[in-house]
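Mind having a look at this structure? Questions to follow.
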Amino acid sequence: KVKTKIRAPRTKETSNGRLQVDYRLYSGVRNWTLRLSGGKEHIAVIRASGSVRRFRGPLSAPTAGIVAEQLIQRIRSVRESKRYKAVVIRIDSPGGDALASDLLWREIRLLAAEKPVIASLADVAASGGYYIAMAAGTIVAENLTLTGSIGVVKGKFSLGKLYEKIGFNKAIISKGKYAELTAAEQRSFRPEEAELFAKSAQYAYTQFRDKAAYSRSMPTRWRKMHKDGCGLVARQFLEDLLMLLVE
C-alpha cells in the first residue's frame with residue numbers, strides 16, 4: 001500500500017508496462033536531493049564505445065565510435081582538473097586503428113601517472129580496445145568479457161580486375177621506391193613493397209605485444225609465448241595475469 005501510494009501521483013504506466021515520470025516533476029528534482037552536488041572531490045567516468053579511429057569522418061554520426069582526437073582532449077581535461085581524484089574508463093570496443101589506439105594508450109598512461117585509473121571492460125575490449133585498457137593501473141572485467149586479441153591486421157585492396165571490368169584506367173606518376181605503396185590499388189604489391197608492408201605490420205604487432213607486457217609488468221618470456229593474437233574471455237586472460245581483477 002505504501003509503495004502504491006508513493007508511486008501513484010508521480011508515475012504512470014505505459015502500454016509496454018514501463019513507468020514514466022512527468023517531466024515537470026522530474027526537472028524539479030535538485031542535484032542535492034540525489035547527492036550529486038556538495039562534494040568537492042569527484043570520480044570521472046569516461047566512456048569509450050565502438051571502433052577506434054583517429055579522426056571523425058565527414059559523414060560520421062556524432063556518437064559513432066571512439067575518435068582518438070576527441071577522447072584525448074577529454075582525458076587531458078580530466079588530468080588537468082583538480083576536481084577529479086580518480087578515473088574510471090568504461091571500454092566496449094572491438095578495436096580499430098592501431099595508431100589511434102597507441103595515442104590513446106599514451107594519454108591514459110600520462111593520466112595514470114597522476115591519478116588512479118581503472119579500466120572497466122564491458123562485453124568486448126579486444127585488440128585496440130585492450131590496447132587502451134592496458135594503460136590503466138587496474139583492469140576490471142566480467143567473467144565473459146571478450147578481451148585480449150593482441151595482434152595486428154593490415155592489408156590493401158587490389159582492384160585491378162574490377163577496374164578492367166568496368167573500363168577504368170588509373171595511372172600514377174610518382175618518385176621514390178615506395179611512393180605507390182598504398183596509393184596503387186589498381187595492382188598488387190611489388191616484391192619490395194610487400195616486404196616493407198609485412199615489416200611495418202610486424203613492427204606494429206611487436207609494439208603492441210611489448211607494451212602489453214610492459215603495462216602489466218609481465219616478464220620478457222611472456223612475449224615469446226603469445227604470438228597468435230587470439231581473443232580470450234576475461235577468466236582465461238586472468239590466468240595470464242594480464243588482468244588484475246574479474247568481477
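The values are calculated or read from the model by the stated rules, or taken from the named source; none is laboratory data. This structure is a prediction, so every number in the text was calculated from the model and none was measured. Glycine gets a Cβ as well: all are built from the backbone with ideal geometry, and neighbour counts include every protein chain shown.
Would you pick out the residues in the range 82-100 that are closer than 27 Å to His42 by Cβ and surrounded by 23 or more Cβ atoms within 10 Å (Cβ to Cβ)?
Val87, Ile89, Ile91, Ser93 - these are the residues of the range 82-100 that are closer than 27 Å to His42 by Cβ and surrounded by 23 or more Cβ atoms within 10 Å (Cβ to Cβ).
Still on this structure: Of everything in the range 119-146, what is closer than 14 Å to Gly50 by Cβ and buried (at least 21 other Cβ atoms within 10 Å of the Cβ)? Give them in sequence order.
The answer is Ala125, Ala126, Ser127, Gly128, Gly129, Ile132.
Same structure, new question: Looking at Lys165, Lys82, Lys170 in this structure, which one is more than 26 Å from Ala64 (Cα to Cα) and outside the structural domain of Ala204 (by TED's automatic domain parsing)?
Lys82
Looking at (1) part of a loop (DSSP other than H, G, I, E, B); (2) loosely packed, with under 14 Cβ neighbours inside 10 Å; (3) modelled with pLDDT under 90, find the lone condition where Leu25 falls short.
With (1) part of a loop (DSSP other than H, G, I, E, B); (2) loosely packed, with under 14 Cβ neighbours inside 10 Å; (3) modelled with pLDDT under 90 applied to Leu25, the lone miss is (1).
Sticking with this structure for a sec: Can you find a residue that is within 30 Å of Ala86 (Cβ to Cβ), touching a helix residue (DSSP H, G or I) at 6+ places or on another chain (Cβ under 7 Å) and surrounded by 13 or more Cβ atoms within 10 Å (Cβ to Cβ) anywhere in the range 149-170? Break it down into steps so the answer makes sense when it comes.
Of all residues in the range 149-170, those within 30 Å of Ala86 (Cβ to Cβ) come to 149-150.
Now drop any that are not touching a helix residue (DSSP H, G or I) at 6+ places or on another chain (Cβ under 7 Å), which leaves 149-150.
Next cut, surrounded by 13 or more Cβ atoms within 10 Å (Cβ to Cβ) only: 149-150.
Checking the range 149-170: at least one residue is within 30 Å of Ala86 (Cβ to Cβ), touching a helix residue (DSSP H, G or I) at 6+ places or on another chain (Cβ under 7 Å) and surrounded by 13 or more Cβ atoms within 10 Å (Cβ to Cβ).
Looking at the range 147-154, can you tell me whether even one residue there is of a type in the set (Gly, Ala, Ser) and over 30 Å from Ala112 (Cα atoms)?
No, every residue in the range 147-154 fails to be of a type in the set (Gly, Ala, Ser) and over 30 Å from Ala112 (Cα atoms).
Counting residues that are closer than 18 Å to Arg209 by Cβ, which helices (runs of 4 or more DSSP H) fully inside the range 85-185 reach at least 3?
Hits in the range 85-185: 98-112, 128-133.
Please specify each residue of the range 66-81 satisfying the condition of being in a helix (DSSP H, G or I) and either touching a residue at least 60 places away in the same chain (Cβ under 8 Å) or surrounded by 14 or more Cβ atoms within 10 Å (Cβ to Cβ) (or both).
Selection gives Ala68, Leu71, Ile72, Arg74, Ile75, Val78, Arg79.
Mind checking which residues of the range 177-201 are surrounded by 14 or more Cβ atoms within 10 Å (Cβ to Cβ) and either in the same structural domain as Ala98 (by TED's automatic domain parsing) or within 16 Å of Ser158 (Cα to Cα) (or both)?
Residues satisfying the conditions are Glu180, Leu181, Ala184, Glu185, Gln186, Arg187, Phe189, Arg190, Glu193, Phe197.
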